[in-house]
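Just below is one structure, and these are the notes that go with it.
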Amino acid sequence: MRRPCVVKCVDSFGIEHTAKVEAESLFEAAVRGLYKLDSSFWTEEDVFDRMDVTVEVHEEPTTHTVKVEKLKHWIKSHGRHPREEAKNRN
């Protein structure tokens, strides 16, 4: 499954370049990102000898809304304070 990624690299002048891509793997993302960026900023030697490429995977967050009344009921049914319950879940 392809995931949205941001690929970053810093050129020999210290300037960071970024590209948004979709990829199934870390290396695919890195290659797609470098391809998207304008190669006039660096030479092949820069890329393959000295340059690091950072890949950030950006996935959609999952959001849930919990009714406080239902939360209170859940806490009462477990007979513990939320702090205790949280410690036991970790």
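With the structure loaded, tell me whether Val66 is touching a Leu at 6+ places or on another chain (Cβ under 6 Å) and modelled with pLDDT of 80 or more or whether it fails that test.
Numbers: touching a Leu at 6+ places or on another chain (Cβ under 6 Å): no; modelled with pLDDT of 80 or more: yes.
So Val66 does not fit the description; no.
Give the residue that is surrounded by the most Cβ atoms within 10 Å (Cβ to Cβ), with candidates limited to residues of the stretch 1-48 that are among the aliphatic types (A, V, I, L, M) and either at pLDDT below 75 or assigned to a strand (DSSP E or B) (or both).
First pass over the stretch 1-48, keeping only residues among the aliphatic types (A, V, I, L, M): 1, 6-7, 10, 15, 19, 21, 23, 26, 29-31, 34, 37, 47.
Those still in the list that are either at pLDDT below 75 or assigned to a strand (DSSP E or B) (or both) too: 6-7, 10, 19, 21, 23, 47.
Details: Val6: 15, Val7: 23, Val10: 15, Ala19: 17, Val21: 20, Ala23: 19, Val47: 16.
Filtering the stretch 1-48 for residues that are among the aliphatic types (A, V, I, L, M) and either at pLDDT below 75 or assigned to a strand (DSSP E or B) (or both), the one surrounded by the most Cβ atoms within 10 Å (Cβ to Cβ) comes out as Val7.
The values are calculated or read from the model by the stated rules, or taken from the named source; none is laboratory data. If you're wondering where the values come from, they're calculated on a predicted model, not measured in any experiment. With ideal geometry, Cβ positions are generated from the backbone for all residues, glycine too; neighbour counts draw on all protein chains shown.
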